[in-house]
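Asker: Below: one structure in structure tokens.
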Amino acid sequence: MNFRSQFKYLFMWMSLSVLGACISGLDPTLQTLVMSSDADSLAAGSRSVARPAWATEGRGDTAALSQVVLLLPMKDETTYLKRSVWPVQTGIPAVLGDSLATNPFYRVLPVDSAAVFLTEDERLGNMGADRAIAIGRFLGADWVLFGKIKGLTMDRLTATVPLGGHRRYSGVARVHLFLYNVVDGRRGPDIVVEEEINSKRTGITNPASHVHLDRQFRYIDQISWATEDFTTSLVGQALAACAARFVEQVAEIVKPPPTPGVSEPKIIDIDGDSAYINIGLADGIQNGDKFGVWDKGRELRDPETGQSLGYALPRRVGVVQVEQVLSDNLTLARILDGQASILQGYSIRPE
């Protein structure tokens, strides 16, 4: 074997060693994105598996206190003619996410943010809970949502009677979503929403009153997704109503933590990027709850005499998230923001 051949094999061995080391550091469920065949990798868009910078960098005081929600593609179980034209698998999660983002308590990761990690089948909404949780954890989410589109259609009912008649048109949107907490993997209540927007027009009294709805019904396949024509159609209105109800249901489940019962909730110990706090089961907190961390206020002195004048108002210096409730009055939390500034004895507040 000549020198050139020896160098070639040595280079291949070193490359495979480096690749194996990189893969070993990934979540096992995400390793398959790299270790699959070239064709599979391209189909999944997995040319890069590096965690996005926004998933790891500090998000600032306000954003760090938000609950981060990732919406994933939904499986289309409708039989409506537009299912092959409208991008409902990602379009409906996008509509739901846009509505949820109007509540400042939530920071919504767009459905497209996970696309690079999904296989072609997963982009059609065929995904299990473990896989969804792994992707959510990788992208820095607190909750993941995925599920099924049960209905998205426009119906028409024509009725005639001896002295008159009417036509009723309706837009219907139905979704069934599964909600999982990324911190501990627990499943929340399913979110099931069905909304119908209907319009009745009397043909005998005003024969022209139903013309635009009849045209909408007949040519719905020519309306492009997310356009003004779509959003003002009965189907679009039904989807908007569905999204509003979806937000209401999420708000009933994912909400700020309760006010602790102890008089002085605080940091009692710090261990690296983890902290122990003196609240727990007795206070009704759950894994994933977030608390602001506040200092005691710095001492203020007269610049000329050096005499102590008192203390400044406390400032929020960081954020912690509950990882494991250990007992009635003890919880392990992860420091999300302000690790260098948080000290033992600092107070915590639900916000």
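Asker: Which members of the stretch 320-351 meet the condition of being exposed (fewer than 14 other Cβ atoms within 10 Å of the Cβ) and either outside the structural domain of ASN278 (by TED's automatic domain parsing) or in contact with a helix residue (DSSP H, G or I) (Cβ under 6 Å, 6 or more places away or on another chain) (or both)?
Answerer: Matches in the stretch 320-351: ASP328 only.
Asker: Checking VAL250 against (1) buried (at least 18 other Cβ atoms within 10 Å of the Cβ); (2) more than 29 Å from ARG107 (Cβ to Cβ); (3) β-branched (Val, Ile, Thr): exactly one of these is not met. Which one?
Answerer: (2)
Condition check ((1) more than 25 Å from the chain's Cα centre (by Cα); (2) closer than 30 Å to VAL319 by Cβ; (3) not assigned by TED's automatic domain parsing to the domain that holds GLY136) across all residues:
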site	(1), (2), (3)
TYR180	no, yes, no
LEU213	yes, no, no
PHE217	yes, no, no
GLU228	yes, no, no
SER233	yes, no, no
LEU239	no, no, no
ALA243	no, yes, no
GLY261	yes, yes, yes
ASP273	no, yes, yes
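Asker: A further question follows. Do the conditions hold for SER263, that is, is it without any contact (Cβ under 8 Å) to a residue 12 or more places away in the chain and of a type in the set (Gly, Ala, Ser)?
Answerer: Answer is yes for this residue.
Asker: Moving to a separate point now. Is it fair to say GLY284 is under 30 Å from the mean Cα position of the chain (by Cα) and modelled with pLDDT under 95?
Answerer: Judged against the criteria, GLY284 is a match.
Asker: Return the pair list, or none, for Cβ contacts closer than 7 Å from residues in the stretch 209-225 that are more than 14 Å from ARG156 (Cβ to Cβ) and of a type in the set (A, V, I, L, M, F, W, C) to residues that are part of a loop (DSSP other than H, G, I, E, B) and at pLDDT 80 or above, at least 6 apart or on different chains.
Answerer: ILE223/SER233; TRP225/TRP86; TRP225/PRO87
Residue-by-condition table, conditions (1) of a type in the set (A, V, I, L, M, F, W, C); (2) modelled with pLDDT of 95 or more:
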site: GLU228; (1), (2): no, no
site: THR232; (1), (2): no, no
site: LEU239; (1), (2): yes, yes
site: CYS242; (1), (2): yes, yes
site: VAL250; (1), (2): yes, yes
site: ASP269; (1), (2): no, yes
site: ALA275; (1), (2): yes, yes
site: ASN278; (1), (2): no, yes
site: ARG301; (1), (2): no, no
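Asker: Could you tell me whether GLU264 is surrounded by fewer than 19 Cβ atoms within 10 Å (Cβ to Cβ) and at pLDDT 95 or above?
Answerer: No, not satisfied.
Asker: If only one of THR102, THR153, THR90 is surrounded by fewer than 18 Cβ atoms within 10 Å (Cβ to Cβ) and among the hydroxyl-bearing types (Ser, Thr, Tyr), which one is it?
Answerer: Every option except THR102 fails the conditions.
Asker: Is there a residue in the stretch 293-314 that is touching a residue at least 24 places away in the same chain (Cβ under 8 Å), acidic (Asp, Glu) and within 24 Å of VAL68 (Cβ to Cβ)?
Answerer: Taking every residue of the stretch 293-314 in turn, none turns out to be touching a residue at least 24 places away in the same chain (Cβ under 8 Å), acidic (Asp, Glu) and within 24 Å of VAL68 (Cβ to Cβ).
The values are calculated or read from the model by the stated rules, or taken from the named source; none is laboratory data. For clarity, every value in this text was computed on a predicted model and none was experimentally measured. A quick note on method: Cβ atoms are made from the backbone with ideal geometry, for glycine too, and the neighbour counts reach across all protein chains shown.
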